[in-house]
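Asker: I am attaching a structure below and will ask some questions about it afterwards.
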Amino acid sequence: MSGIASILNTDLLVATIRLSTPITLAAIGATICERSGIVNIAMEGIMIIGAFFAAVAALFTGNPWIGLLAGVVAGGIFSLIHAVATITFHLDHVVSGAVMNILSFGIVRYLMVMIFGHPGTTDAIPVGLKAYQFAIPGLSKIPVLGPVFFNQTPIVYMSFVLVVLTLIFLKKTKTGLHLRAAGEHPLALETIGVSVYKMRYLGVFVSGLLSGLAGAYLSIENSVSFTEGMANGRGFIALAAMISGGWTAIGSFVAALFFGFADAFQVRMQVFKVLNIPSEIFIIFPYVATVLAVAGLVKKSRPPKADGVDFMIEKEGA
Amino acid sequence: MGAKKEKRVVLETKHVKKQFPKVLANDDINMVLYEGEILSLLGENGAGKSTLMNVLYGLYKPTSGEILLEGEQVEFSSPKDAIRKGLGMVHQHFMLVDNLTVTENIILGSEPGKYDFIDYKTARKEVVSISEKYHLHVDPDEIIENLSVGVQQRVEILKALYRKARILILDEPTAVLTPQEVDELFEVVGRLREDGVSIIIITHKLEEVKAISDRVYILKRGKIVGERETSQVTKEDLANLMVGREVVLTVHKDEKEVSGEPILQLEDVVVRNQKGINALDGLSLDVRPGEIVGIAGVDGNGQSELEEALVGLLKLESGRILYKGEDIAVLDTKQRRGKGVASVPADRQKYGLVLPMKVSENMVLGFHDEKPFVKGINLALETIKTHSEKLVEEYDIRTPGVEVPAGNLSGGNQQKVILARELSSDPDFLLVAQPTRGLDVGAIEYIHSQILKMRDKNVGILLISLELEEIFSLSDRILVLYEGKIVKEFIPENTSDKEVGFYMTGGKKTAEERA
Ligand SMILES: Nc1ncnc2c1ncn2[C@@H]1O[C@H](COP(=O)(O)OP(=O)(O)OP(=O)(O)O)[C@@H](O)[C@H]1O
Ligand SMILES: [Mg+2]
């Protein structure tokens, strides 16, 4: 085999899944959040918080599962700042999101120095979640797709399940319907007796939990320590995945897979030097792919009508 | 009356007051609602009717005062409490989620199903069954966006019926309905009354007040200024009570010779709607300066497409729009407006106004980048303000000032803002669609006189209205729009509303075909 063909193999697909998992998780979280009407650009920051607390908890308890729980809970709690700011205090959603991102850097830097005495990277955790990789009997034997989808690590499996759960939640449940109504025509929801604020709090909180899980994936499953800056823009790529996925769970998942593929492809193009051009060029590949996907698809997808629109009853027209 | 004593009071307010930041919308309201009664609420635009209803419904909190339900004092912290106590409300503006289906909208908040899962099958069945029971036909699976306003109104009513309200509040449910639809609605209301439901209905149409209600309260500037048994009063009495002066309920139109070249001509215009159907199907018409041409028709026969094609929101498949002899079909909306085409859209909240923006900003929208409203690259804020204040005065727009968001105005006053802006733009051609939707009788009188004044100034006017009465009283010529074509032309003096109505439903066509 020669040229590009040599890197088109099962490994590339496995890497695609690995790299897309945090994007998928944050993107379906953002989907739920924005369908409720709250714009969320804070996934990057929430991911960082989740990654940090997951690593710290795994380190001090020696148990990565406790780390996972800590990452998810930390993400959820941190996201509540965004909820309080935008829903209760009617702050602009983008402003609050930007503040959240900056705040996360500060918090993590501060705690790094407090706990470890230095910024940068934490000590390595004794066991990571990668140790729990397992092949699903039977299914993992399917050619190509088997090893790609059914011989994975825990959070990757969770992400598949969560995509399906998000889909069911939004399409089939009462709460899901209420949440969608909150993002389309909040006053209509309020006038039939469901609290818009509750739905929006729920949306932000769930997205916090999922971004926290995405963070835990980065620090204790895909790696064995936390490093500042390890989210590396994935929270923003998740935002792009949600938009090009048309604010749907499946769309977000597919878009995340595409971005994961772009990333995996880029790494291989660099490492294997299959084409005779400076390999650094390929670093930009996933980002260009993101821009193109968003530019190409955004016109076709319809955002929730009241996405980013503040809700305050007595300010609304009669 | 002896009979009255036996009636049970289901809802009562005592000294209810609602103060908005700058407006006292309700002032010392004492009202009662009897069981099984149909009560009307009448009042000028901005009198505080919707506010009062929203207070009853738990959406707004009263500043002070008490609400008693079945004799028991209640304090609703949200509509949820009100719904639980058996209240239902159809709001003045649609409370429907556009991208959901009819079924989803109707069941929203009271979905059938176990745990958190929606049982769509049962939901659909229930929707079909109440829609059949009350003869309110809707397609349960259609998306709201694709429905005409009349059908959307039906969905709103079904929404309230689905919740089995014991007290039903209807805030201007007839404003967007055709006469047939109004009859349908009143049948439903009558049936509900028989079931013991008590109903409060708000409408600006005095004949509707007479036709449907037992009793009426008249509201003026936030206060109740009168209470009448409907059978004891005439339409004229009601109008006088409400406005505080004699109101001319029928306009007087001078005879006027129109001649000269048409200012606007549509030639074989074909326009496709979102579903790909020809909504305008070879439509031709012309309007001469100083003439009012009325388009009569049942809603959904191409009215909104005609409106959108004229202002440039919809592309023509074929045909021409000649304005002063020039084809303007290729021009965009802004360019058309620049040439003296003004329009009052039927959907005031979607096309006419930017609700969160100030009244003054809305008043110059579309002209905000032209003299005298700009100074260099800045807006001439002082000029805009004085201009708006003048219009507010002239059109009697009830607002605490021109700096408040347009969304804070009452529905009728929002409409007046659009009319003021468009009529004052000194157009040569004016398109008015549903100009008096939601206006009180005093305001209608004024707007009609303004439209006639434009006619005297030699403006060519195309009037699209679902109200035959309005068409008859204003038009010099009546064109009947049916299935995207003009099927008949009348001179109002030589026809009757019966005859026009016949053509509106395509009746004549089938009769001719049969012959
Ligand atoms: N949310 C709000 N904030 C501030 N002022 C408001 C608000 N809603 C209504 N108002 C003001 O309260 C007054 C009463 O408005 P309301 O909507 O109750 O009138 P209405 O009688 O229903 O009129 P219409 O017939 O035009 O619908 C108006 O002056 C309006 O500007
Ligand atoms: Mg009103």
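Quick note: the coordinates plus some simple rules give every number you see, no bench work behind them. Given the structure is predicted, the values throughout are model-derived calculations rather than measurements. No Cβ is skipped: glycine too gets one built from the backbone with ideal geometry, and neighbour counts run over all protein chains shown.
Asker: Using only Cα atoms, what Kirkwood radius does region B:398-453 have, in angstroms?
Answerer: Working: mean 1/r = 0.0830 Å⁻¹.
Taking every pair of different Cα atoms in region B:398-453, averaging 1/r and inverting gives 12.1 Å.
Asker: May I pose another question? Using the Kirkwood radius over Cα pairs, work out the Stokes-Einstein diffusion coefficient for region B:37-92 at 25 °C and 0.890 mPa s, in µm²/s as a whole number. Present the calculation step by step, with values, prior to reporting the outcome.
Answerer: Details: Rh = 12.2 Å.
Approximately 202 µm²/s, per Stokes-Einstein.
Asker: Follow-up question, since we're still on this one. Filter A:LYS198/B:LYS385; B:LYS256/B:LYS350; B:LYS334/B:LYS416 down to the pairs with a C-alpha to C-alpha distance above 29 Å, please. Write out the running numbers ahead of the final one.
Answerer: Numbers: A:LYS198/B:LYS385 40 Å; B:LYS256/B:LYS350 35 Å; B:LYS334/B:LYS416 22 Å.
Long pairs (Cα-Cα over 29 Å): A:LYS198/B:LYS385; B:LYS256/B:LYS350.
Asker: Separate question: What spacing in nm lies between the two simple spin-label points modelled at A:LEU8 and A:SER301, each 7 Å away from Cα in the Cβ direction?
Answerer: In this crude label model, A:LEU8 to A:SER301 measures out at 2.7 nm.
Asker: Compute the Rg to Rh ratio over region A:12-161 from the alpha carbon atoms, using the Kirkwood formula for Rh, and round to two decimal places.
Answerer: Details: Rg = 17.5 Å, Rh = 17.0 Å.
Ratio of gyration radius to Kirkwood radius for region A:12-161: 1.03.
Asker: Which value, in debye to the nearest 20, describes the size of the charge dipole of region A:173-318 about its Cα centre when Lys and Arg Cβ atoms bear +1, Asp and Glu Cβ atoms bear -1, and nothing else is charged? Mind dumping the intermediate values first?
Answerer: Details: 12 positive and 10 negative charges, 80 e Å.
Charge dipole of region A:173-318: 380 debye, to the nearest 20.
Asker: To continue, here is another question. Determine, from the Cβ-Cβ distance of B:SER64 and B:GLU469 and an R0 of 51 Å, the FRET efficiency 1/(1 + (r/R0)^6), rounded to the nearest 0.05. Write out the running numbers ahead of the final one.
Answerer: Details: r = 42 Å, r/R0 = 0.81.
It comes out at approximately 0.75.
Asker: What percent of all Cα-Cα pairs in chain A falls into each 10 Å bin, going from 0 up to the bin containing the maximum distance?
Answerer: For chain A, the pair-distance distribution reads 7, 26, 33, 23, 9, 2, 0.
Asker: Continuing with this model, one more query. Give me the distance between the Cα centres of region A:254-279 and region B:357-403, rounded to whole Å.
Answerer: Measuring centre to centre over Cα atoms gives 56 Å.
Asker: Shifting gears a bit: Just how far, in whole angstrom, is region A:214-252 from region A:1-72 if you go by their alpha carbon centroids?
Answerer: For region A:1-72 versus region A:214-252, the Cα centre distance is 4 Å.
Asker: If every alpha-carbon in region B:1-111 counts as one equal scatterer, what log10 I(q)/I(0) does Debye give at q = 0.16 1/Å?
Answerer: -0.85
Asker: Determine how many Å³ per residue the convex hull of the Cα atoms of region A:112-152 encloses. Each step should come with its number before you reach the end.
Answerer: On the way: hull volume 3.3 nm³, N = 41.
Per residue, the Cα convex hull of region A:112-152 comes to 82 Å³.
Asker: Right, another one. Semi-axes of the protein assembly as shown's equivalent ellipsoid from the Cα gyration tensor, sqrt of 5 times each eigenvalue, largest first, rounded to whole Å?
Answerer: Working: eigenvalues 627, 221, 134 Å².
Output for the protein assembly as shown: semi-axes of 56, 33, 26 Å.
Asker: Taking chain A as the reference, fit the longest principal axis to its C-alpha atoms, fit the long axis of helix A:174-184 to the helix C-alpha atoms, and give the angle between the two in degrees, 0 to 90, nearest 10.
Answerer: Compared with the principal axis, the helix lies near 80 degrees.
Asker: While we're looking at this one, here's another question. Just counting partner chain Cβ atoms within 10 Å, what average do the residues of peptide A:178-189 show around their Cβ?
Answerer: That works out to 5 on average.
Asker: Rounded to the nearest 0.05, what FRET efficiency do B:LYS125 and A:LYS172 give with R0 = 25 Å and r taken as the Cβ-Cβ distance? Could you check?
Answerer: Calculated value: 0.90.
Asker: For region B:222-318, what size does the Cα cloud have along each of its three principal axes, sorted from largest down, in whole Å?
Answerer: Principal-axis extents of the Cα atoms in region B:222-318, largest first: 56, 40, 24 Å.
Asker: Related question: Given 5 Å bins starting at zero, what is the percent of C-alpha pairs of region B:359-468 in each, up to the one with the largest pair distance?
Answerer: In order of increasing distance, the bins hold 2, 12, 22, 22, 20, 13, 6, 2, 0, 0 percent.
Asker: Here's another thing I want to ask about it. Can you give the mean number of other chain Cβ atoms that lie within 10 Å of the Cβ atoms in peptide B:408-415? Write out the running numbers ahead of the final one.
Answerer: Details: counts 5, 2, 2, 2, 0, 0, 2, 0.
Mean partner-chain Cβ count within 10 Å for B:408-415: 2.
Asker: Let me ask you something else. Can you return the aspartates and glutamates within cross-link range of B:LYS61? Criterion is Cα-Cα under 12 Å, with same-chain partners fewer than 8 residues away left out.
Answerer: Correct list for B:LYS61: A:GLU314, B:GLU75.
Asker: Select from region B:7-95 those GluC sites (Glu not before Pro) which occupy a DSSP coil region and have at most 11 other Cβ atoms within 10 Å, ordered by residue number.
Answerer: Numbers: sites: B:GLU12, B:GLU35, B:GLU37, B:GLU44, B:GLU66, B:GLU70, B:GLU72, B:GLU75; in loops: B:GLU35, B:GLU37, B:GLU44, B:GLU70, B:GLU75.
Sparse-neighbourhood loop GluC sites (Glu not before Pro): B:GLU75.
Asker: Follow-up question, since we're still on this one. Could you tell me which of B:ILE167, B:HIS252, B:TYR120 has its Cα farthest along the dipole of the protein assembly as shown towards the positive end, charges placed at Cβ (Lys, Arg +1; Asp, Glu -1), taken about the Cα centre?
Answerer: The residue sitting most towards the positive pole is B:TYR120.
Asker: Based on the mean of other Cβ atoms within 10 Å per residue, sort peptides A:286-297, B:144-155 so the most packed one is first.
Answerer: So the order, starting with the most tightly packed, is B:144-155, A:286-297.
Asker: Roughly how far apart, in whole Å, are the Cα centres of region B:62-99 and region B:169-245?
Answerer: If you average the Cα positions of each part, the centres end up 20 Å apart.
Asker: Something else about it: How big is the dipole moment of region B:356-515 about its Cα centre under a simple scheme where the beta carbon of each Lys and Arg is +1, that of each Asp and Glu is -1, and everything else is neutral? Debye, nearest 20, please.
Answerer: Values: 19 positive and 26 negative charges, 53 e Å.
Dipole about the Cα centre, nearest 20: 260 debye.
Asker: Relative to the Cα centre, what is the charge dipole magnitude of the protein assembly as shown, using +1 at the beta carbon of each Lys and Arg, -1 at the beta carbon of each Asp and Glu, and rounding to the nearest 20 debye?
Answerer: Values: 86 positive and 99 negative charges, 530 e Å.
Taking the Cα centre of the protein assembly as shown as origin, the dipole is about 2540 debye.
Asker: Another one. Could you list A:THR121, A:THR10, A:THR86 so that the one with the fewest beta carbons within 10 Å of its beta carbon is first and the one with the most is last? Walk me through the intermediate numbers first.
Answerer: On the way: A:THR121 16, A:THR10 13, A:THR86 26.
Listed from fewest to most nearby Cβ atoms, that is A:THR10, A:THR121, A:THR86.
Asker: Report the extension gain between A:HIS118 and A:PHE134 in nm, rounded to one decimal, defined as 0.36 nm multiplied by the number of residues separating them, less their alpha carbon distance. Present the calculation step by step, with values, prior to reporting the outcome.
Answerer: Numbers: separation 16, 0.36 × 16 = 5.76 nm, distance 3.55 nm.
Result: 2.2 nm gained on full extension.
Asker: I would also like to ask the following. In what order do A:PHE253, A:PHE311 fall by count of nearby beta-carbon atoms within 10 Å, going from fewest to most?
Answerer: Fewest-to-most Cβ neighbours within 10 Å comes out as A:PHE311, A:PHE253.
Asker: Next question. Grab the Cα-Cα distance for B:HIS135 and B:ARG221, subtract it from 0.36 nm times how many residues apart they are, and report the gain in nm with one decimal. Please list the in-between numbers first.
Answerer: Values: separation 86, 0.36 × 86 = 30.96 nm, distance 3.77 nm.
Net length gain for the segment: 27.2 nm.
Asker: Moving on to the next point. Neighbour counts of other C-beta atoms within 10 Å: give me A:TRP247, A:TRP65 arranged from fewest to most.
Answerer: Numbers: A:TRP247 23, A:TRP65 15.
Going from sparsest to densest Cβ surroundings: A:TRP65, A:TRP247.
Asker: Right, next: Any chance you could run the full-extension gain for B:GLU483 through B:ARG84? It's 0.36 nm times the residue separation minus the Cα-Cα distance, nm to one decimal. Intermediate values should be presented prior to the final figure.
Answerer: Working: separation 399, 0.36 × 399 = 143.64 nm, distance 4.42 nm.
Computed gain between B:GLU483 and B:ARG84 is 139.2 nm.
Asker: With viscosity set to 0.890 mPa s and temperature to 25 °C, compute the Stokes-Einstein D of region A:217-318, Rh being the Kirkwood radius across alpha carbon pairs; µm²/s, no decimals. Walk me through the numbers on the way to the answer.
Answerer: Numbers: Rh = 16.1 Å.
It diffuses with D of about 153 µm²/s by this estimate.
Asker: Follow-up. Convex hull volume of the Cα atoms in chain B, per residue, in Å³?
Answerer: Details: hull volume 91.3 nm³, N = 515.
Dividing the Cα hull volume of chain B by its residues yields 177 Å³.
Asker: Using only DSSP helix segments of four residues or longer, with each worth -39500 (n - 2.57), what per-residue ellipticity at 222 nm results for the protein assembly as shown after dividing by its residue count and rounding to 500?
Answerer: Values: 30 runs with 372 residues, N = 833.
So the calculated ellipticity at 222 nm is -14000 deg cm²/dmol.
Asker: A follow-up question, please. For peptide B:72-79, what's the mean number of Cβ atoms from other chains within 10 Å of each residue's Cβ? All intermediate terms of the calculation are to be shown ahead of the outcome.
Answerer: Working: counts 0, 0, 0, 0, 0, 0, 8, 8.
Partner Cβ neighbours, averaged per residue: 2.
Asker: Residue by residue through region A:217-225, which ³J(HN,Hα) values in whole Hz follow from phi under the Karplus form 6.51 cos²θ - 1.76 cosθ + 1.60 (θ = phi - 60°), with glycine and proline marked x?
Answerer: 4, 4, 8, 10, 10, 7, 8, 10, 7
Asker: For region B:184-194, just list the computed ³J(HN,Hα) in residue order, Karplus coefficients 6.51, -1.76 and 1.60, θ = phi - 60°, integers in Hz, with x standing in for Gly and Pro.
Answerer: Calculated HN-Hα couplings, in order: 4, 4, 5, 5, 4, 4, x, 5, 5, 4, 4 Hz.
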